[in-house]
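Report on the following structure.
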Amino acid sequence: MTGSVSRSGLLRGDWTRSDPPLRPPWALAGVAFFDACERCHTCTHCISACPPAIVVSGRGGFPEISFDQGACDFCQACVEACPTGALGPAMDAEGRRLTPWNARIEVALSCLANSQIACRVCEDQCEPRAIRFRPGATPTMPAIDAGRCTGCGACVGPCPVDAIRVTAAWKEVTA
């Protein structure tokens, strides 16, 4: 899903379209997140609480996810550190874990498989086994099992050509 030109991008003359940044796990949806988040980058609650250091200060000081340093293990440290409720809750009233986000991976055309180069680094890094290579297919392109993908980002950093990205795959709720 390709996003639209942002208002700030329009005013800066940046006409490139980009997807909205991936927010930390269990972030409130849409405007509710922006209303609740105080961008406490001065004390960096969720940012400093993240063990793999993937929560970073993004545009406007709002926290976003960068998989440059590692993957999300859904430890809930960012949720527990958030003083405003912009992140969370991670559990429902019965103590069941809620879905952290509806993020999925996308593989770009720059994937080495498109150049007939054998590389399966992403499959090796994928603990839930959401990335598989079909035997016998030429080229052997990665197949993504959306039902298994958690959007953890473990496949992003190791990709030698930066062909993988995690995007928010928010589903429209219709009546």
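Of everything in segment 35-55, what is at pLDDT 95 or above and either of a type in the set (Ser, Thr, Tyr) or in contact with a Ser or Thr (Cβ under 7 Å, 6 or more places away or on another chain) (or both)? Give them in sequence order.
Residue satisfying the conditions is 54 alone.
Do any residues in segment 143-155 that are charged (D, E, K, R) have Cβ atoms under 8 Å from those of residues that are crowded, with 19+ Cβ neighbours inside 10 Å, where the two are at least six apart or on different chains, and which pairs are they?
Listed by first residue and then by second, the contacts come to 145/130; 145/131; 148/130.
Looking at the structure I just gave you, is residue 158 at pLDDT below 90, within 19 Å of the chain's Cα centre (by Cα), part of a loop (DSSP other than H, G, I, E, B) and not assigned by TED's automatic domain parsing to the domain that holds residue 67?
Here the answer is no, as residue 158 does not meet what is asked.
Show me the strands (runs of 3 or more DSSP E) found entirely inside segment 30-110 where at least 2 residues are in contact with a Leu (Cβ under 8 Å, 6 or more places away or on another chain), on the phi < 0 side of the Ramachandran plot and touching a residue at least 24 places away in the same chain (Cβ under 8 Å).
63-65
Just checking, does segment 124-141 include any residue being assigned to a helix (DSSP H, G or I), in contact (Cβ under 8 Å) with a residue 12 or more places away in the chain, surrounded by 13 or more Cβ atoms within 10 Å (Cβ to Cβ) and among the β-branched types (Val, Ile, Thr)?
no
The values are calculated or read from the model by the stated rules, or taken from the named source; none is laboratory data. None of these values were measured; they are calculated from a predicted model. Note: ideal-geometry Cβ built from the backbone for every residue, glycine included; neighbour counts use all protein chains shown.
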